[in-house]
Structure formats: structure tokens, C-alpha cells
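Asks: For reference, the structure I am asking about is given below.
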Amino acid sequence: MTFAQTSSKPFSPSFDEAYEARVTKVSDGDTLWVKPLEGGRYRKLRLDGIDAPESCQAGGAAAREALARRVLDRTVVVRERRRDDYGRALVRLSIDGEDVGGWMVREGWAWSYHWRHSDGLFAAEEADARRARKGIFSDAVVEEPRDFRRRHGPCPMPPRVSAGVQPAR
């Protein structure tokens, strides 16, 4: 089945309604795809409350791999909170009762997403990861993704490849 296919049963959760889904793809350290167990379209989700390194940024590949090891091909509970500026659902995701965003920050693979006068949902977890020099915080100097994007712009998109087709070299 491809990401564009749907089942005959429509599935459209309201915000803050929880549903179970299977994680089918991890795009980066804070973005993934799920297939709701009740049916419906594949959904692109972004973890709410965290900001992981960009895919082309130092630590980006490691953050993606950490998230994939934790959730890929597993059943999770999804609670959609709102939409971001790109139309992605911002979600709180849990697996075995643990918040996945909090886990990413606690393990040092993401920052607690902060804005204005708030240190974000996972500020304590980030402080602990920094003190323990876990993950991306093992380097003396780390650049937050928003600063990286401001200085370098977005990461280039990798070429899309269909099954059985090799990219041009």
C-alpha cells in the first residue's frame, strides 16, 4: 500500500482525540508517518513540544535513527493538538505509556521547543540531557534548528526514488 491509498472507512480525528496507529516511516527526528489502526489515510505528523536537528545538520541523522529505533513499525497512541504552519498535525505521541517527544529530549536527540517566555514542555528533560551530555548535547557547541535554518536555509530535499528505480548519478 502507498501513502496515498485510503481504506473505504474515512478516519478524521478531532483535535486532542486519541487514536492508535502504526508508525510506517520516520522522516527526521521530529516528523513521522502513521497509518491509523481504524483505517483511513496515512498521516504525516510532527511531534509537538520538541525541535530535533535538521536532517542536514550535525546530529540530524542520529536523531532520526533514535526516533526510528523507538517507534518504527510499532503501535503508538496519537493525540493531535493542532496544525503547524506547513499543515502537519502537531501531536503528542506515546508508546508503552511514555511520551515520545519527552523521550527524545531526555535522551538528548531534540530540544524542548521554546517560544517567547516559555522554555517549553520538556525544559527539565533538556536540562538533564545537557548536564549528562547525552546525544546532541555531547558536543561543546550545538546549534538549535531554528538558528541553523536562519543561517543556512532549509535542507535540500533528497531525490524521490520509486521502488526498483535507481537515482541518477
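The values are calculated or read from the model by the stated rules, or taken from the named source; none is laboratory data. Quick caveat: nothing in here was measured; it's all calculated off a predicted structure. Counting neighbours? That spans all protein chains shown, and the Cβs are built from the backbone with ideal geometry, glycine included.
Asks: Go through 90, 72 for me and flag whichever is under 25 Å from residue 19 (Cβ atoms), in contact with a Ser or Thr (Cβ under 9 Å, 6 or more places away or on another chain) and of a type outside the set (S, T, N, Q).
Replies: 72
Asks: Within the group 94, 55, 118, which residue is modelled with pLDDT under 90, of a type in the set (S, T, N, Q) and touching a Lys or Arg at 6+ places or on another chain (Cβ under 9 Å)?
Replies: 55
Asks: Can you tell me how many residues in the range 23-65 are surrounded by 15 or more Cβ atoms within 10 Å (Cβ to Cβ) and over 18 Å from residue 142 (Cα atoms)?
Replies: Total satisfying the criteria: 21.
Asks: Please indicate, with yes or no, whether at least one residue in the range 153-168 is in a helix (DSSP H, G or I), over 15 Å from the mean Cα position of the chain (by Cα) and at pLDDT below 95.
Replies: Among the residues of the range 153-168, not one is in a helix (DSSP H, G or I), over 15 Å from the mean Cα position of the chain (by Cα) and at pLDDT below 95, which makes the answer no.
Listed here are the residues, each with its yes/no results for (1) closer than 20 Å to residue 134 by Cβ; (2) over 13 Å from the mean Cα position of the chain (by Cα); (3) among the small types (Gly, Ala, Ser).
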position: 81; (1), (2), (3): no, yes, no
position: 97; (1), (2), (3): no, yes, yes
position: 102; (1), (2), (3): yes, no, yes
position: 121; (1), (2), (3): yes, yes, no
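Asks: Turning to a different aspect of this structure: Taking into account only those residues within the range 120-150 that are of a type in the set (A, V, I, L, M) and in a helix (DSSP H, G or I), which is surrounded by the most Cβ atoms within 10 Å (Cβ to Cβ)?
Replies: Of everything passing the filter in the range 120-150, 136 is surrounded by the most Cβ atoms within 10 Å (Cβ to Cβ).
Asks: Still on this model: Run down 22, 46, 64 and say which single residue is more than 19 Å from residue 154 (Cβ to Cβ) and either modelled with pLDDT of 90 or more or not β-branched (Val, Ile, Thr) (or both).
Replies: Sole residue among the options that is more than 19 Å from residue 154 (Cβ to Cβ) and either modelled with pLDDT of 90 or more or not β-branched (Val, Ile, Thr) (or both): 22.
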